[in-house]
Amino acid sequence: MMNIRKASEEDFPAILLLIKELAAFEKAPEKVTNSVEQMKKEKDLFQCHVAETETGEIVGMAIYFFAFYTWVGKSLYLDDIYVKESFRGQKTGTELLKKVFEVAQKEECKRVRWQVLNWNKPAIEMYKKRGADIDDEWLNCTFDYDGIKNFKI
């Protein structure tokens with residue numbers, strides 16, 4: 001049985017390992033520049049729930065933050081949800097997603113939004129099964145740290 005609970009600062013090392021696993025799964029391990037120190041410094045900017053085994057091993061996470069969308073107002077943005085491969089297929093991801101939606105309901109959010117890679121068919125099917133509207137119209141626009149520093153008009 002998995003225990004889904006709010007993460008604490010003491011969980012940051014385990015969460016960072018999951019972030020790195022997720023980046024490897026998404027074929028971009030070199031993109032992770034985050035650190036435990038940075039997470040501690042920026043802890044007020046995000047929230048996280050973890051999936052923990054009976055032995056205390058953290059095997060999944062859902063990292064999110066609150067946002068304001070001009071059309072609807074207060075929303076929850078699910079930045080990442082990830083479960084270790086050996087624990088998939090046991091409804092751990094579903095339980096994490098359920099917890100995120102409980103938070104969104106409690107916080108009276110008008111929208112929950114996240115992204116999924118177009119090749120991640122198992123995740124897409126799980127989201128569709130739960131009623132997600134998967135949009136193929138909008139494109140991501142991203143500037144990394146260097147892009148922000150070098151932004152020119």
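A few comments on the model shown:
- Model label zone, Phe46; criterion: amide N under 18 Å from point 7 Å along Cα-to-beta-carbon; scope region 115-153: 115-117, 142-146
- Taking amide H as placed 1.01 Å from N in the peptide plane, Val59 has its amide H under 5 Å from the amide H of Ala51, Glu52, Thr53, each at least 5 places away in sequence or on another chain.
- When shorter helices are ignored and each DSSP H run of at least 4 residues is given -39500 (n - 2.57), the per-residue value for the chain at 222 nm works out to -9500 deg cm²/dmol.
- Within the chain, the longest run free of exposed loop sites, counting GluC sites (Glu not before Pro) that sit outside DSSP helix and strand states (H, G, I, E, B) and have at most 15 other Cβ atoms within 10 Å, spans 58-106.
- On full extension, the segment bounded by Glu57 and Glu125 gains 21.8 nm, given 0.36 nm per residue less the C-alpha separation.
- Estimated FRET transfer efficiency when R0 is 41 angstrom, pair Lys106-Lys152 (beta carbons, to 0.05): 0.45
- The alpha carbons of region 35-91 give a radius of gyration and a Dmax of 14.2, 44 Å, in that order.
- Were the residues from Ala24 through Arg5 laid out at 0.36 nm apart, the gain over their Cα-Cα distance would be 4.4 nm.
- Violating pairs (Cα-Cα greater than 26 angstrom) within the set Lys20/Lys106; Lys41/Lys110; Lys84/Lys128; Lys91/Lys128; Lys84/Lys129; Lys31/Lys128: Lys20/Lys106; Lys41/Lys110; Lys31/Lys128
- Taking the Cα centre of the chain as origin and assigning +1 to Lys and Arg Cβ atoms and -1 to Asp and Glu Cβ atoms, the resulting dipole is close to 360 debye.
- Counting only aspartates and glutamates at least 8 places from Lys43 when in the same chain, those with an alpha carbon closer than 13 Å to its own are Glu9, Glu10, Asp11.
- The chain - convex hull of the alpha-carbon atoms, volume per residue in Å³: 146 Å³
Each value in this text was obtained by applying a stated rule to the coordinates, not by laboratory testing. None of these values were measured; they are calculated from a predicted model. Every residue, glycine as well, gets a Cβ built from its backbone with ideal geometry; the counts of neighbours run over all protein chains shown.
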